[in-house]
Amino acid sequence: MNDSGADSGGDDTPTTAAVLLAGGTGTRLYPASRSNRPKQFLALGDDDRSLLRRTADRAAFADGLFVVTREEFVDRVREEVPEATVLVEPKGRDTGPALAYAASEVETRAPDATMLCLPSDHVVGDGFRETAETAVSVASETGALVTLGVEPDRPATGYGYIERGEDHGDHWKVEQFREKPDAETAEELVERGCLWNAGMFAWTPSAFLDAASDGPLAPVVEGLDAGDPEHAFTAVDPVSVDYAVMERAGDVRVVPADFEWDDVGAWDALARLLNEDTEAGGGNATLGDALTLDATGNVIASDDKHVSVVGADDLVVAAFDDRVLVVPKDDAQRVRDLVAELRSEGLF
């Protein structure tokens, strides 16, 4: 069994187990995010805490805290969240296998717990705890898989959406998950009251493993049951929990959330996080030391370097370590394609 870290929650069996996913890299935030410095360890915006530390603090009301990560990140996770039990994925296989592994471990360590599963690299505003506790309660009482759906503030094309079905008062049945839409469809989904799929979930370990056993994660569940997680992860390709489980499960509920939320998925998100600074900075969002002249709508980020932008609009200029990225802000999602090239050459 690959795990380390001190148990949390004292001598009592936890009733809420917060599980933080911290095994990804956040490729679209290159060059701030690199293979040895993934997104969850970055501090973005006006908060000096890393995104992982902020997530752990947000989940401090839980009875137990677990962090799922890769072997190469274990020491950093221990530094950032020393109070957590660290679960080490046998291999990186995306969120589906990672959460199946976490469910198996939580079921063994805290059999009466309900899991609250959270990405460790999102920015979340006030009001999270109330929504999360409602989701945990619904999952515990109904045995359903529960997702948190964020109320959209714009017709974003970079997020998946959730169509609500039957109303149960504090939550809804999920009618359908919708993939990332085009602009016209996004407007229609927002007008119809659909929610953003924020990738935050609650369920009992048994409910999740039961749902996961009927789909792409079946070999993982079988391997975990047999006590062989290494083989279980080798037997599957990377697959998201949305595709592997949530879109296939028979009973999925959604708890609506009205807190501010952003997955900080790409550099253009920084303009939203630094909205006040954008207004004060002549329409440029800056993180670090920057000077602009006749330039607006830019996202400028750096570590210990000064960056100057003259006579250019709507660019991302990011300078970290020995790397500089320049890309039109509207093409910020394409940084993922760049990173794929860098990886193929061993340069990420």
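Full extension of the chain between residue 235 and residue 182 gives 15.7 nm of extra length, using 0.36 nm per residue less the Cα-Cα distance.
Taking 0.36 nm per residue of sequence separation and subtracting the Cα-Cα distance, how much length would be gained by fully extending the chain between residue 337 and residue 258, in nm to one decimal?
25.2 nm
Distances between placed amide hydrogens fall under 5 Å for residue 251 paired with 145, all partners being 5 or more residues away or on another chain.
About its Cα centre, the chain has a charge dipole of approximately 660 debye under the convention of +1 per Lys or Arg Cβ and -1 per Asp or Glu Cβ, with nothing else charged. Listed by chain and number, the lysines placed with their C-alpha closer than 26 angstrom to that of residue 329 are 39, 180, 305; residues fewer than eight positions away on the same chain are left out. Positive end of the dipole of region 16-116 (Cβ unit charges, origin at the Cα centre): among 108, 77, 33, the Cα lying farthest that way belongs to 33.
Hey, what angle do you get for helix 95-109 against the long axis of the chain, alpha-carbon based, 0 to 90 degrees rounded to 10? The helix 95-109 is inclined about 40 degrees to the chain. Within region 274-348, the GluC sites (Glu not before Pro) that combine a DSSP coil assignment with at most 15 other C-beta atoms in a 10 angstrom radius are 345. Springs join every pair of Cα atoms under 10 Å in this Gaussian network model of the chain, and among 23, 64, 297 the largest mean-square fluctuation is at 297. One Cα centroid belongs to region 140-185, the other to region 292-342; the line between them spans 33 Å.
A straight line joining the Cα centroids of region 24-53 and region 190-214 runs 25 Å.
For residue 260, nonlocal amide neighbours, meaning residues 5 or more places apart or on other chains whose placed amide H falls under 5 Å from its own, are 125, 126.
3J(HN,Hα) along region 258-263: 10, 7, 5, 8, 8, 7 Hz, from the Karplus curve 6.51 cos²θ - 1.76 cosθ + 1.60 with θ = phi - 60°, whole Hz, x for Gly and Pro. Of 311, 158, 199, the residue with the greatest mean-square motion in the GNM of the chain, using alpha carbon springs below 10 Å, is 311. Where in region 151-193 are there trypsin sites (Lys or Arg not before Pro) that are in a DSSP coil and have at most 13 other Cβ atoms within 10 angstrom of their Cβ? Within region 151-193, the qualifying trypsin sites (Lys or Arg not before Pro) (loop, at most 13 other Cβ atoms within 10 Å) are 192.
In region 269-344, Cα pairs under 8 Å separated by at least six residues give a relative contact order of 19 percent.
No value in this document is a laboratory result; all are computed from the given coordinates. In this text, all values refer to a predicted model and were calculated from it rather than measured experimentally. Quick reminder, even Gly has a Cβ in these numbers, built from the backbone with ideal geometry, and neighbours come from all protein chains shown.
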